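Throughout, read-outs are computed from the coordinates displayed, never taken from laboratory work. Just so you know, these numbers come straight off a predicted model, no measurement behind them. Note: ideal-geometry Cβ built from the backbone for every residue, glycine included; neighbour counts use all protein chains shown.
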Ligand SMILES: [Zn+2]
C-alpha cells in the first residue's frame with residue numbers, strides 16, 4: 001500500500017486590488033469531502049474531457065473510470081482550500097491553514113508521497129513567496145523523504161524555493177484551462193507511478209525565463225503560445241523525460257518570483273535539461289509576438305463600436321476588473337459608459353452587464369421584490385481608487401439564489417440588465433445567465449468582467465472587443481507600477497541582453 005497525503009491552497013491573488021480575501025471566500029475541504037474532490041478517487045470521468053482538444057494538451061484521455069494506477073493507494077486527506085481569484089489573503093487566515101496542514105501531516109503517520117494541489121500565485125501581506133513558504137513548512141514536518149508532486153496553474157510562479165521543495169511539478173497546458181483536471185490527474189498519476197517504480201526521486205531542471213505577460217496575451221488558442229505549448233507533449237514523450245511544464249507566471253503581483261519558467265523532470269539529466277532549455281529558448285525567441293487575444297480598445301470606443309455594429313451579440317470584456325484574475329468586481333467605469341448611451345437606456349438596444357458585486361443593492365432589490373423600483377448607489381465600494389458608485393433608479397427584474405445560497409439580482413434600466421451579486425462572481429457559462437433569466441445569444445451587447453472568453457461566450461460571440469479598462473488587474477501592465485520584480489525582465493526592459501538558459505537542476 002502506498003500512502004499519499006493531499007493538501008494545498010488554491011488562489012491567485014492580485015496585489016494591485018484593495019480587495020482582501022478572507023476565509024469566507026474559500027471552499028474548505030477536509031476528510032471525505034476533500035477526497036471527493038478528485039475524480040480518480042471517486043472513480044468518475046475527468047470533468048470537461050469531452051471538449052478538450054486533445055491535439056494541444058497531448059494527453060491520453062480515454063481514461064477508464066477505474067484507473068489501474070490508482071490501485072493500492074491510500075489517499076490521506078489533510079486540507080484543501082480554494083477560491084476565486086481575489087486580492088491578497090489575510091495573513092492570519094494563511095498562517096492558521098499552514099498550521100493545520102503541518103499538524104495534519106505530522107499526525108498522518110508514514111507517508112510515501114504528498115499531492116500538493118496549488119495554484120501558485122497566492123499573495124499574503126508580509127510574504128513574497130507564499131507557496132515557497134508553505135512547502136518549506138511542510139518539509140520541516142515531513143522531512144526530505146516523501147515525494148511531493150505539485151499540480152499548478154500555468155499562471156502560478158515557480159520560485160527556487162518551490163522548485164527545491166517539490167520533486168515533481170506540472171501545470172495546465174491550456175489557457176483557458178480546459179485541461180485543469182487532466183493536469184491534476186497527471187500530477188497524481190505520475191506520483192503514484194514514480195513511487196511504485198522504486199526508482200526514487202527523479203532528476204529535475206528549471207529555467208527561469210525573464211518574461212512577464214498577462215494571460216490575455218498568452219492564450220494557447222493563438223500563436224505563439226499554441227506552438228510554445230505544442231512543444232510540451234513532444235518533449236515530455238522523449239526518452240528519459242517524464243513531464244515538462246511551461247509557466248507563464250502571474251502578472252498582477254509585485255513580487256520577485258513573478259516570471260515565466262520551464263520545469264521538467266525524468267531520469268536522464270541531459271534529456272531533461274535539453275528539453276527544458278529548448279522550450280525556454282523558443283519562449284524567449286517569440287517574446288515579441290505575444291499579442292492580445294482579441295482586438296483591444298478603450299471602453300468608450302468599444303461601446304461606441306458595439307452600438308453601431310450589425311454583429312450580435314457583440315461581447316466586450318471589461319478586463320481590468322476581471323474577478324477571474326483577482327479584480328475587485330465592483331469597478332463602475334464600464335457600467336457608466338453603458339448608462340450614457342440613450343440607445344441602450346431607451347430600450348432600442350438590449351444589453352447585459354455581468355456583473356457587479358454589491359450586497360447592499362441586492363438587499364434593496366429583495367425588499368422591493370421583482371417588479372419594484374429601487375434607487376441605488378451601485379458598485380465602487382471595494383476598489384475605492386476608481387470612480388465611485390453609480391447612482392441609478394432601476395427596476396428589479398429577477399431575484400435568485402445562486403448555488404451556495406448566495407442571492408443575485410438583475411436590475412433593469414431600459415434595455416440594460418445589470419446582474420448584481422452578493423459574492424464576487426464571474427459569468428462564464430450560458431447556464432449562469434439562464435439562471436438569472438438572461439440569454440446572451442439574443443442580446444445585442446454583452447459586457448462581462450472577464451479577459452479572454454471562456455468556451456461558451458467564445459462560441460456565441462459574433463464580435464468581441466477586449467476593453468482595456470483600469471482596475472486591479474489592468475491588462476496594461478505598464479500602468480500598474482511594480483517595485484519588486486526581478487530585473488531585467490521583458491517587456492519592462494525592452495533592450496535587455498539575452499538571458500542565460502543554463503538553469504538549475506535538482
Ligand atoms: Zn490561470
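Helix 180-197 and the longest principal axis of the Cα set of the chain meet at an angle near 10°.
Using C-alpha pairs under 8 Å with a sequence gap of at least 6, the mean separation divided by the residue count of the stretch 2-289 gives a relative contact order of 21 percent.
Here the relative contact order of the stretch 116-269, from alpha carbon pairs under 8 Å that lie six or more residues apart, stands at 27 percent. Here the stretch 219-259 and the stretch 151-191 have alpha carbon centers that stand 10 Å from each other.
Helix 269-285 and the long axis of the chain differ in direction by around 30°, with both axes built from C-alpha atoms. First obtain the Kirkwood hydrodynamic radius of the chain from its Cα pairs, then insert it into the Stokes-Einstein equation at 20 °C and 1.002 mPa s, and state the resulting D in µm² per second as a whole number. For these conditions, the coefficient is 91 µm²/s.
Under the criterion of Cα pairs below 8 Å and six or more residues apart, the relative contact order for the chain equals 17 percent. Length gained on full extension, residue 27 to residue 297, computed as 0.36 nm times the residue gap minus the Cα-Cα distance: 93.6 nm. Each peptide in 92-103, 468-479 gets a packing score, the mean of other Cβ atoms within 10 Å over its residues, and the list from highest to lowest is 468-479, 92-103.
In plain terms, the chain from residue 373 to residue 483 could stretch by 34.9 nm, reckoned as 0.36 nm per residue minus the Cα-Cα distance. Specify whether the C-alpha gyration tensor of the stretch 2-289 places it in the rounded, prolate or oblate class, a ≥ b ≥ c being the square roots of the eigenvalues: rounded for a/c under 1.5, otherwise prolate if a/b is larger than b/c and oblate if not. Judged from the Cα gyration tensor, the stretch 2-289 comes out rounded (a/c under 1.5).
Helix 299-308 and the longest principal axis of the C-alpha atoms of the chain enclose an angle of approximately 60°. Sorting 67-80, 9-22, 224-237 by their mean Cβ neighbour count within 10 Å, with the most densely packed peptide first, gives 9-22, 224-237, 67-80. Here the sum of -39500 (n - 2.57) over DSSP H runs of 4 or more residues, divided by the residues of the chain, equals -8000 deg cm²/dmol at 222 nm, to the nearest 500. From the square roots a ≥ b ≥ c of the eigenvalues of the alpha-carbon gyration tensor of the stretch 367-454, which class results: rounded (a/c under 1.5), prolate (a/b over b/c), or oblate? In terms of gyration-tensor shape, rounded.
For the stretch 296-474, the convex hull drawn through the C-alpha positions has a volume of 97 cubic angstrom per residue.
Rounded to the nearest 0.05, the FRET efficiency derived from the C-beta distance between residue 201 and residue 402 at R0 = 41 Å is 0.40. Computed on the Cα trace of the stretch 119-192, the radius of gyration divided by the Kirkwood hydrodynamic radius gives Rg/Rh = 0.98. Of all DSSP-defined beta bridges confined to the chain, some 45% are antiparallel rather than parallel.
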